[in-house]
1. May I ask you to list the residues in region 59-77 that are closer than 15 Å to Q46 by Cα and not aliphatic (A, V, I, L, M)?
2. If I filter region 44-52 for residues that are of a type in the set (K, R), at pLDDT below 90 and in a helix (DSSP H, G or I), do I get at least one hit?
3. Of everything in region 53-70, what is at pLDDT 85 or above and surrounded by 10 or more Cβ atoms within 10 Å (Cβ to Cβ)? Give them in sequence order.
Amino acid sequence: MAEPSTPLDSTESSPKIDNPYLSNKTRNYALGLLTVGYCFNFIDRQLLSILQEAIKADLGLSDGQLGLLTGFAFAMFYVSLVYRLHVGLIEAIAVISSPTQSAFGAL
């Protein structure tokens, strides 16, 4: 009896998946974008922490309101910003990779 072939033993050609992160240029670009994003996040957090007493006095906020501003509201701002950035990048990649299709036609 013949043993069933495994994917490693198979002589059939399987579709090759191109990984764009195999090149050093693309990996370094992605790392650079992530680093810049992290730096902006860190700077925003630090500026808000430095200025929170002045903001509290200027707007007449209580400690609880200031806590919501520096915690929950700040997190929701970043979530909405990152979501919009994600949707925009998906549209841009779809247009670049396939200019004859609509932005979400390939999805």
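The values are calculated or read from the model by the stated rules, or taken from the named source; none is laboratory data. Remember, predicted model here, so these are calculated numbers, not experimental data. Cβ placement follows ideal geometry from the backbone for every residue including glycine, while neighbour counts extend to all protein chains displayed.
1. Selection gives G67, T70, G71, F74.
2. The answer is yes; a qualifying residue exists.
3. Across region 53-70, the qualifying residues are E53, I55, K56, L59, L61, Q65, L66, G67, L68.
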